[in-house]
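What follows is calculated from the coordinates using simple rules that are stated; it is not laboratory data. Note that this is a predicted model, so its numbers are computed, not measured. All Cβ positions, glycine included, derive from the backbone under ideal geometry; neighbour counts span all protein chains shown.
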Amino acid sequence: MTMAADLTRIKAEIQKLRDEINHHNYLYYVLDQPEISDAEYDKLLRRLEALEREHPELITPDSPTQRVGAAPSEKFAVVRHRTMMMSLANAMNAEEMVEFDRRVKRFLKTEGEIEYVAEIKLDGLSVELVYEDGRLAVASTRGDGINGEDVTANIRTIRSVPLRLLKPKRLPIPKLLEVRGEAILPKQAFAKLNEERERKGEPLFANPRNAAAGSLRQLDPRVTATRPLDIFLYAPGVLEGVEFDSQWEFLQAIKEYGLRVNPESRVCRSVEQVLGYWNEMTERRHDLDYDADGVVAKVNSYAVQAQLGEVSRSPRWAIAYKFKAQQEETRIEKIEVQVGRIGSLTPVAKLKPVQLAGVTISSASLHNLDEIRRKDIREGDAVMLERAGDVIPYVVEVTKKGHPRAPEFQMPKRCPECGGTIVHEEGEVGYFCVNANCPARMRESVRHFASKNCMNIDGLGDKLVAQLVDSGLVRELDDLYKLKREQLAALERMGEKSAQNIVDNIDSSRKTTLDRAINALGIRHVGEHTARQLATRFGSLEELAHASEDELRAIRDIGPEVARSIREYFDEPRNMKAVERLARELQIERPHVRAARGPLSDKSVVVTGTLESMTREDAERKIIESGGRVSSSVSRKTDFVVVGAEPGSKLRKAKELGVKTLDEKDFLEMLSGGGR
Ligand code: IVH
């Protein structure tokens with residue numbers, strides 16, 4: 001085949017893959033009816049990535065591989081909305097809904113029923129997407145309704161946002177399509193994100209809305225890409241080259257363009273039906289995987305909407321009717337400060353116990369000082385409590401100031417647990433106790449150390465940890481390994497038998513893997529995933545402790561902040577000593593160490609059949625030590641398959657997919673740095 005014909009064939013394959021991927025995105029995200037497995041989808045994406053890697057000149061900005069592309073920006077640019085993004089008037093109760101309906105009828109001088117579209121009012125961040133000739137050109141936040149922020153790079157990372165509109169059968173691709181909607185973080189994703197942040201010692205998000213806003217307003221789109229944001233579109237902006245007669249028609253049409261619309265939206269033939277929808281959704285809201293804060297009723301006909309017009313930034317043709325929040329009023333008895341594993345101080349409100357959605361609540365995190373100032377929360381105030389994401393209680397607002405009013409809350413100058421110095425960096429939210437021996441920090445460190453994904457020590461629960469640290473039996477992590485049964489048995493409520501069990505469990509945790517040990521140290525910003533990467537790259541705690549910031553940053557997924565945090569940890573002599581002492585107690589399995597650079601750098605290799613000069617294990621170790629990755633199955637991602645005697649189905653698969661095979665001789669040559 002000639003070169004030109006070759007290129008034409010590749011172009012066609014790339015186009016076909018993009019169309020297929022876009023189609024499957026649509027089935028998955030918009031229709032919620034996937035037709036292929038995640039693995040199959042992945043395969044398509046990898047194939048496209050590989051082709052584009054070989055032919056970078058064929059990459060276009062709307063390719064599904066180009067979601068995360070832009071470099072972090074210093075600041076968001078301002079986007080002026082072509083028409084104002086309005087807000088909604090609220091109805092406080094059913095009576096006000098009926099009143100709204102009456103007003104509409106009066107204005108239109110009609111007695112006949114009005115047709116509405118009832119939709120969920122989503123609690124997220126309002127955004128506008130602009131499609132020009134079917135391509136996503138700009139995405140912006142609502143801002144003040146007139147000017148928003150340019151968040152295009154971040155919106156592009158959301159999988160359910162098509163970078164290019166699909167071509168429906170009966171509709172043209174419009175010259176201009178502005179659609180507005182809500183970016184949200186699903187409840188489950190929110191819970192997971194906060195768990196992870198807690199593990200890494202990062203400040204928690206108060207609710208999914210804040211988490212969505214924080215994720216979307218990230219200056220680095222790579223960070224946004226790690227947050228599973230989603231979006232629902234629900235309103236038109238300026239349209240050119242396409243027209244719709246009603247809201248319902250609009251929703252159906254944008255769905256055909258591949259945009260995600262909320263499946264709960266419904267046509268109601270009267271205000272009574274809207275109220276029925278509200279009642280139904282009040283029941284069902286907790287089963288939805290996103291925060292919904294009410295129902296929006298919109299006059300369906302766009303002609304009638306135009307007739308009704310707007311007053312003071314809100315349309316006369318729509319109204320929001322919020323759900324009754326799961327809220328309860330109570331009083332703040334005291335504001336305490338808790339110290340976390342990395343020394344971060346968190347203000348916590350101690351409350352007069354109150355029942356909220358079936359649970360007794362007596363304390364709520366106030367998150368940070370900024371939040372307290374913004375809401376002006378003080379001891380003795382009556383506050384409204386709400387359960388965000390239906391789980392974590394938080395203070396919505398002060399409902400009645402205490403009197404006499406308590407002074408403004410101040411962060412302590414010294415650590416409430418150890419009296420140590422508190423540091424606070426100008427412009428940052430956090431306050432930290434820097435005393436590495438602070439008992440509060442130690443309790444959190446031990447708790448983390450013993451947890452399932454770290455040393456996995458059964459029986460070492462929160463209560464026992466507190467007893468051990470407070471009694472002075474455990475001052476450093478390695479003290480755990482020196483505990484005697486008698487010492488444990490002497491603690492309150494501890495029998496001989498359980499004391500022995502715990503000593504045994506601690507003892508058997510000595511044998512561990514390097515990634516667990518690294519995770520267990522509790523280095524800020526280092527979770528399970530990063531620990532694993534560090535383990536395969538450095539091979540021992542000692543090597544890791546001496547790695548430079550540059551070496552750390554050379555690892556995939558490790559950015560400057562994480563690299564700095566690791567360096568800072570080992571630069572602290574106290575930490576270094578603690579690690580050395582701990583290392584003496586542990587028996588850490590030596591992992592296969594991946595070279596930063598080597599003859600197999602970043603190559604994915606599969607071994608099949610029996611080799612003559614080495615065992616399968618040796619071969620795999622050599623691959624890793626030469627910078628490569630070992631995989632157990634052949635896919636299009638595989639770079640080479642090493643074929644020994646009596647190879648299995650993997651050889652056949654390699655041939656089918658056109659993956660390069662190596663015999664033992666080629667393999668040895670490649671390991672020594674020759675050939676390709
Ligand atoms: S329509 C002109 N529909 O509520 C009407 N808004 O107070 C424009 N919102 O800023 C909005 N769900 O962020 C509409 N289904 C929905 C909505 C919705 C949530 C938010 C939106 C807007 C605010 C209006």
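Based on the Cβ-Cβ distance of SER312 and GLU243, what FRET efficiency does E = 1/(1 + (r/R0)^6) give at R0 = 22 Å, to the nearest 0.05? Numbers along the way, then the final one.
Working: r = 28 Å, r/R0 = 1.26.
The computed FRET efficiency comes out at 0.20.
So between LYS334 and GLU496, what do we pick up on full extension, going 0.36 nm a residue minus the alpha carbon distance?
On the way: separation 162, 0.36 × 162 = 58.32 nm, distance 3.93 nm.
Taking LYS334 through GLU496 to full extension adds about 54.4 nm, to one decimal.
Take HIS546, project a point 7 Å from its Cα along the Cβ direction, then tell me which residues of the range 507-538 have their backbone nitrogen under 20 Å from it.
514-515, 518, 534-538
For the pair GLU625 and GLU589, how long in nm is the line joining their label points, each one 7 Å along Cα→Cβ?
1.9
Check VAL295: other-chain or 5+ apart residues with amide H under 5 Å from its amide H, H built from backbone geometry?
LYS121, TYR321, LYS322, PHE323
Calculate for the chain the 222 nm mean residue ellipticity that helices alone would give, adding -39,500 (n - 2.57) per DSSP H run of length 4 or more and normalising by residue count, nearest 500 deg cm²/dmol.
Numbers: 24 runs with 245 residues, N = 676.
So the helix-based figure for the chain works out to -10500 deg cm²/dmol.
Quick check on the exposure proxy: order ARG621, ARG556, ARG387 from fewest to most C-beta atoms within 10 angstrom. Could the numbers behind the result be given before it?
On the way: ARG621 16, ARG556 7, ARG387 20.
Fewest to most other Cβ atoms nearby, the residues stand as ARG556, ARG621, ARG387.
Each residue of the range 61-67 in order: what ³J(HN,Hα) in whole Hz does its phi give by Karplus 6.51 cos²θ - 1.76 cosθ + 1.60, θ = phi - 60°, with x for Gly and Pro?
Using θ = phi - 60°, the values come out as x, 9, 5, x, 7, 9, 5 Hz.
On a C-alpha basis, how far is the centre of the range 540-587 from the centre of the range 504-531 in Å? Whole number, if you could?
Each part's Cα centre sits 13 Å from the other's.
Can you pull the one-decimal nm distance between simple spin-label points at ASP293 and ARG135, each 7 Å off the Cα toward Cβ?
3.7
Using 0.36 nm per residue of separation minus the Cα-Cα distance, give me the extension gain between GLU198 and ASP618 in nm, one decimal.
Numbers: separation 420, 0.36 × 420 = 151.20 nm, distance 3.91 nm.
Net length gain for the segment: 147.3 nm.
Nearest 0.05, what FRET efficiency do VAL434 and THR110 give at R0 = 60 Å with Cβ-Cβ as r?
For VAL434 and THR110, the calculated efficiency is 0.30.
Sequence neighbours fewer than 8 away in the same chain don't count; with that in mind, list the lysines whose C-alpha is under 27 Å from LYS401.
LYS322, LYS324, LYS334, LYS350, LYS352, LYS375, LYS413
Per residue of the range 115-120, in order, report the coupling 6.51 cos²θ - 1.76 cosθ + 1.60 (Karplus, θ = phi - 60°) as ³J(HN,Hα) in whole Hz, putting x for Gly and Pro.
After applying 6.51 cos²θ - 1.76 cosθ + 1.60, I find 8, 10, 9, 9, 10, 6 Hz.
For a test of the definition: using alpha carbon positions, the gyration tensor, and the 1.5 limit on a/c, classify the range 61-172 as rounded, prolate or oblate. Mind showing how you got there, number by number?
Working: a/c = 2.78, a/b = 1.89, b/c = 1.48.
Prolate, because a/c is 1.5 or more and a/b exceeds b/c.
Could you tally up the Lys pairs in the range 550-676 with alpha carbons closer than 16 Å? Skip any pair fewer than 8 positions apart unless they're on separate chains.
Number of lysine pairs found: 9.
Place a point 7 Å from Cα of HIS23 in the direction of its Cβ. Which residues in the range 247-265 have their backbone N less than 17 Å from it?
256-259
Quick test of your reading: applying the under-4.7 Å Cβ rule, which cysteines of the chain are isolated?
CYS268, CYS454, each lacking another Cys Cβ under 4.7 Å.
Modelled label-to-label distance, VAL423 and SER363, 7 Å Cα→beta-carbon offset: nm?
2.7
Skipping prolines and chain starts, which residues have an amide H placed within reach, meaning under 5 Å, of the one on GLY402, given they are 5 or more residues away or on another chain?
ASP381, ALA382
Using modelled amide H (1.01 Å from N, peptide plane; none on Pro or chain starts), what sits under 5 Å from the amide H of THR83, excluding residues fewer than 5 places away?
Residues meeting the criterion, in which the H sits 1.01 Å from N, are VAL238.
What is the order of LYS167, LYS603, fewest Cβ neighbours within 10 Å to most? Let's see the in-between values first.
Numbers: LYS167 12, LYS603 16.
Arranged by neighbour count, lowest to highest, LYS167, LYS603 become LYS167, LYS603.
What's the exposure ranking of VAL434, VAL605, going from fewest to most Cβ atoms within 10 Å?
On the way: VAL434 13, VAL605 23.
Ordered from fewest to most neighbouring Cβ atoms within 10 Å, VAL434, VAL605 come out as VAL434, VAL605.
DSSP loop GluC sites (Glu not before Pro) in the range 572-676 with at most 15 other Cβ atoms within 10 Å of their Cβ, which ones? Intermediate results must be reported in sequence, preceding the final value.
Details: sites: GLU580, GLU585, GLU589, GLU612, GLU617, GLU620, GLU625, GLU656, GLU664, GLU669; in loops: GLU612.
Hits after loop and neighbour filter: GLU612.
If you filter the range 40-130 for GluC sites (Glu not before Pro), then keep DSSP loop positions with at most 16 other Cβ within 10 Å, what is left? It would help to have the intermediate numbers written out before the result.
Working: sites: GLU40, GLU49, GLU52, GLU54, GLU57, GLU74, GLU95, GLU96, GLU99, GLU111, GLU113, GLU115, GLU119, GLU128; in loops: GLU74, GLU111, GLU113, GLU115.
Of the GluC sites (Glu not before Pro), the ones in loops of the range 40-130 whose Cβ has at most 16 other Cβ atoms within 10 Å are GLU74, GLU111, GLU113.
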